[in-house]
Structures are given as structure tokens and as C-alpha cells.
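First up is the structure itself, then whatever we jot down about it.
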Amino acid sequence: MTALAAPAPRGDAPAAAAPLVALRGVAKRFASGTLALAGVDLDIAPGEFLSLLGPSGCGKSTLLRLLAGLAAPSAGRVAWAPGHEERRREIGFVFQDPTLMPWASALDNVRLPLRLAGVPRAEAEARAAAALARVGLAGFERAWPRELSGGMRMRVSLARALVTRPSLLLMDEPFAALDEPTRHRLNDDLLALWAESGVTVVFVTHSVFESVYLSTRIAVLSARPGRVAAELRQDGAPLPRGPDYRTSAAYAALCRAASHALAAATEGAA
Amino acid sequence: MNGGDEGPLRRAAPALLGLGVLALWEGLVRAYAVPDYVLPGPLAVARALAADWPLLSASLLVTLEVAVLALAAAVLVGGLLAVLFAQSRWLERALFPYAVVLQVTPIVAIAPLILIWVDNVTVALLICAWIVAFFPVLSNTVLGLRSADRNLADLFRLYGATRWQVLWLLRLPSALPFFLAGLRVAGGLALIGAVVAEFVAGAGGSGSGLAFRILEASFQLRIPRMFAALALISACGIALFALLGLLQHRLLRRWHESALARER
Ligand SMILES: Nc1ncnc2c1ncn2[C@@H]1O[C@H](COP(=O)(O)OP(=O)(O)O)[C@@H](O)[C@H]1O
Ligand SMILES: [Mg+2]
């Protein structure tokens, strides 16, 4: 059964395990004066699949960069659970573009994080090959990025993000540029990887359907300056989800709820 | 480079055009009975080239040696400076204007000074050719080092890459296509620099490079030999350009847009 919650005001979520990362009153103002985020409160629970759903330009990418430590908040705190402070070994990042090194083979691209961490070459290559196999690219180790299709490049990017066995996987609209069948296949494979590895995922998207299909929880962001306007959870949705879920009543209902929440959040700030 | 539509005819077009022009030239020279000391025909030039080959080939080696050494020095100094500039904005702001000054000052104006200051003529020629050749290497490489993908740079930061790792694994590979484009320009400039400097030095009565042979032949009114030396310089320039183009293609063909053979 799908436990379907109506858009709940923030803070009403049932208290889960101690969050992996907690954002409190986070704001980001750029030097240009743009206020991208204001008053963001968000807990990221270990093991969850959280989607950040919001209109274009509302600060989703900025929020991910703050989580990754690539930028500092101008106000508020990004606090990690004890034992997880050594962030760089804990995070995988997937951008909207595959962001591969065009001069390196698929294997060398995936090996990069290990190489930067000083893992011995033989071990790093074995782990990179295993990561490639996990995303369905066994046999493409020696392929160059330009020889791969858009979907396969994104898989390489995903393998690179997973090769360090991160506890937190940040994904910034990773499938937005792909065609629909490819996107659906990658959605399913991502869910399988998530279930198998136990990684916590924060997934940025502007697609209601994608967020509903993938997540255990959706945080709807308001238009700029972004803050969490509503949260939807679907803890009980049967996993693994498949093509049947896309046509189920529960899926349709949650899509409707998420669309309303998104519309309300967008208008509320406009 | 993008093979698809290049038939053999298209490929041979430049050579055919060249042959046509040579034939026309020879025909006109004969038809109007132009004397050799005004304008020799291509056959007369070829005869001079064959007859004077020992002399000209020795001079060719001298000029080529200067040009190639200058190019090597340009790569070394231009490349190293570019890496330094990429590491420190401050250094770039302090030094780059002087590189520009060197670049925009005509080499014919500096060459006499350098020939006075530097006793060894070969070294003086080398310095002149180097001055002309190093700027494209420097400016292109600086641009290339700065144009690494931003998201990739973020990724390196996320994984705690050292400055050295960022340079070696990200910035240098990103700069390679830019560097090679600069190198191709620098190759031609090194040859021009060597020849110009030889002209200046030759007026002082020393040197035995191709430029000096041209001067010497013009004093002696041996116009076919002048043309033969000129043809050798051009051939050298073309060969250098083609060689560097081949290098560029070899290094980039696996991954860079500029060198991809498009399949249709
Ligand atoms: N480095 C930056 N400097 C100045 N403004 C920025 C910068 N990055 C993003 N912004 C601005 O912040 C806002 C949010 O951007 P972003 O986080 O990329 O939105 P989203 O990913 O939701 O589309 C936008 O208005 C954008 O123009
Ligand atoms: Mg974005």
C-alpha cells in the first residue's frame, strides 16, 4: 500500500533516525547581490531518496553546491552527522552534463576520484571496472567519451560518482538532457543502484513525474529566493518500482499533489 | 581532415593549381624572352637549385637549425611561463605586458642590438627567432590552461585534488589543443624570425644561412639562385607547418573536436 501524505507543512515530518546532514536557516547571497536561497531548513535522513523539486532558477543547484561544500552559505549551518565530517570521501556528485574528461577513457574517468585519493593503480582500476559493470557498461572500459551515447556517458558519470562508495550522492538534473526512453531506463537503474548500495540520494529535478517516480520524499522549493515550501513523502510505495508504477493510481495521485504543491510554491513567491 | 567528401581530385587540387601556375610562368617567360636576371622561369630556377645544391643545402641546414632550436626554446619558455601565469594571477599581471612588448616590437629593429650585444652570431640569431616565436605559444597556452571545464574543476576540488594534480590531470590536458594551435603558428614564425635576423646579420658580413645566400646572390645578380633559395625557405615553412599539423592530429584525434574524422 502507498501511504500518501498530502503536502505537509515543514517540520511535521515524523522524526526519523538522526539526519546525515541538517541544514538550518541556510541562505546564500552571491557577490552579484542575487539572493538564491533564504531560510532553508532541511534534514537529509540516511538512506533516503530525496528529490528537490522546484522551478528553474530557484536555487536547486546552489543548494547542492552548499551540501557538497563547494560553496559556503552566507547564513545558517550545514551540519553533518558525527563521524561523517570527512566529507570528500563521503560525496558523489553528478552534474547535468556528464562532465567527463574527453581525453581519458571511460575507465580512466571513473578511476579519477580514486587516483586523486592516492589509491594504488591496480586496485583503482579494478574498482573502476567494477563500478562500470554495475552501471551496465562492462566491456566499455577502453571507450572514449565521444564514442558513447548521451545515456552511456551519463552512466560513466554515475559510475564515477559511485566508485568511492559515497554515503551521499548528489545529482543535479542528471537526466534532463536525455530522451524519454533513455531517461526511464536510467531512472530504473538508478533506483536499483540505490536499493543495492544503501546510498543516500539528493536528486534535483524540475520534473514532477521524475521526482514522484524516484523518491521516498520530495522537498518542493519556492521560486527565488528558494526555501522548502512543502514536503511530500511516499514511504510505503512498493520498491522496486517499475513500468507498472507509472500507470498506478498512487503514482497519479502523488503527481497531482506534487504539481499542486509546485504551483503553489511558485505562485506564492511570484 | 574530415575525410568523407574528399575525393582524390579534391586532394590533388592545390598541387594541380601549382603546376598550372608554374607552366604559365614558364610559358610567359619564354614567349616574351624575359632575361634570367629579371625573371627566371621555373626551369632555370630548378637548374640553379640542382647546380648550387651543395651550397644551398648547407645554408638550408644552418637556417633550419636556428629555426628549430628557437622553436624548442619557445615551447620551453612559453610553456613554463604559461604554467607559472596559470598558478599566479599576480605573476601574470606583472610579466605579461613585457611579453606583449617583445611581441609588438619589430624584430628587424631589435636584431641589430642583439647582434651587437651577443658575440656568438648563431646565439644572436636564435634569440631573435625565439622572440618572434614564443608569444603564440605563451598566449595560447595561458588561454588553454584557463579554459578547463568548470564543473570538472569543481569535481577535482570535491575530491580534494592537490594543485599539482589539478595542473597535471586537468589543466594541462585542457590546454593541449590550444598549445598545439600556438605551436603551429610559432613554427612558421620561428623560420621567419631566423631569416629576418640572418638578413640583418648578413648585412654585417657574417653568416651562411639561406637569407645570406639570397643577399649574396642578389649582389652578384644570380637571380635564379635567389629564387632557388627562396623556394627552399618556402618549402621549409610548408614542411614545418605540415609536420606540426600532423603532430596536432596525432595527439588530438582520439578526443578533440578539431581532429575528429566525421563518419557519414
Ligand atoms: N556563481 C553565481 N553568481 C551569481 N549568481 C548566481 C551564481 N550561481 C547561481 N546564481 C543565481 O542564483 C539563482 C539560483 O541559481 P541555481 O542554483 O543555478 O538555480 P537552479 O539550479 O534551481 O536552476 C539564479 O538566479 C542564478 O542566476
Ligand atoms: Mg540548476
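The values are calculated or read from the model by the stated rules, or taken from the named source; none is laboratory data. The structure presented is a predicted model; accordingly, all values stated were derived computationally and were not measured. Positions of Cβ are backbone-derived with ideal geometry, glycine not excepted, and every protein chain shown enters the neighbour counts. Protein only, heavy atoms only, side chains kept; ligands, DNA and RNA dropped before computing areas. Shrake-Rupley method; radii C 1.70, N 1.55, O 1.52, S 1.80 Å.
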Max mean-square fluctuation residue, GNM over chain B, Cα-Cα springs under 10 Å, options B:P177, B:P136, B:P112: B:P112
Among B:A70, B:A133, B:A148, whose mean-square fluctuation peaks in a Gaussian network model of chain B (Cα, cutoff 10 Å)? B:A148
Mean shadow area (nm²) of the C-alpha convex hull around the protein assembly as shown is 33.6
Run through all the Cα pairs of region B:23-81 and give the fraction in each 5 Å bin from 0, expressed as whole percent. 4, 16, 15, 11, 11, 11, 10, 9, 7, 4, 2, 0
Just the number: Rg to Rh for region B:104-148, Cα atoms, Kirkwood Rh, two decimals. 1.17
Taking every DSSP bridge whose two residues both lie in chain A, the antiparallel percent to the nearest 5 is 45
Average beta carbon contacts from partner chains per residue of B:252-258, 10 Å cutoff: 3
Need one word for region B:62-121: rounded, prolate or oblate. Basis is the Cα gyration tensor (sqrt eigenvalues a ≥ b ≥ c); a/c below 1.5 gives rounded, then a/b vs b/c decides. oblate
Spin-label proximity, B:S218 to region B:25-66 - amide N less than 17 Å from point 7 Å beyond Cα toward beta carbon: B:37-40
Over all Cα pairs of chain B, the Kirkwood radius sets Rh, and Rg/Rh then becomes 1.07
Residue-normalised accessible area of chain A, given per residue in Å² at a 1.4 Å probe: 41
Which of B:L167, B:L22, B:L244 moves most in a GNM of chain B, Cα contacts under 10 Å? B:L22
Summing -39500 (n - 2.57) over every DSSP H run of at least 4 in the protein assembly as shown, dividing by its residue total and rounding to the nearest 500, the 222 nm mean residue ellipticity is -19000 deg cm²/dmol
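Pull out a ≥ b ≥ c, the square roots of the eigenvalues of the alpha-carbon gyration tensor of region A:50-127, then state rounded if a/c is under 1.5, prolate if not and a/b is larger than b/c, and oblate in the remaining case.
Cα axes put region A:50-127 in the oblate bin.
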So if I average 1/r over every pair of distinct C-alpha atoms in chain A and take the inverse, what Kirkwood radius in Å does that give? 19.1
With contacts defined as alpha carbon pairs under 8 Å and 6 or more residues apart, what's the relative contact order of chain B in percent? 27
Using a 1.4 Å probe on the protein chains only, how many percent of the accessible area of region A:147-222 belongs to carbon and sulfur? 50
Of all trypsin sites (Lys or Arg not before Pro) in region A:125-203, which ones are in loop regions per DSSP and have a Cβ with at most 16 other Cβ atoms within 10 Å? A:R142
Any chance you could check region A:94-134 for residues losing 20 Å² or more of accessible area when the partner protein chains are in, compared with the chain on its own (1.4 Å probe)? A:F95, A:T99, A:M101, A:P102, A:W103, A:L112, A:P113, A:R115, A:L116
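Over chain A, what relative contact order in percent results from Cα pairs under 8 Å that are six or more residues apart?
Details: 525 pairs, mean separation 77.8, N = 270.
Computed over chain A, the figure is 29 percent.
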Please state the relative contact order of region A:165-268 as a whole percent: Cα pairs under 8 Å, 6+ residues apart? 26
From largest accessible area down, sort B:L56, B:L24; use a 1.4 Å probe on the protein chains. B:L24, B:L56
What does the convex hull of the alpha-carbon atoms of region B:1-103 project to on average, in nm²? 12.6
The computed P(r) of region A:13-156 puts the percent of Cα pairs beyond 23 Å at 50
Per DSSP loop assignment and a cutoff of at most 15 other beta carbons within 10 Å, chain B keeps its longest run without exposed GluC sites (Glu not before Pro) at B:7-262
For chain B, which longest stretch is free of loop sites, where a loop site is one of the chymotrypsin sites (Phe, Trp or Tyr not before Pro) that DSSP puts outside H, G, I, E and B and that has at most 13 other Cβ atoms within 10 Å? B:38-264
B:L22 label point, 7 Å along Cα→Cβ, cut-off 12 Å on backbone N: hits in region B:39-67? B:42-47
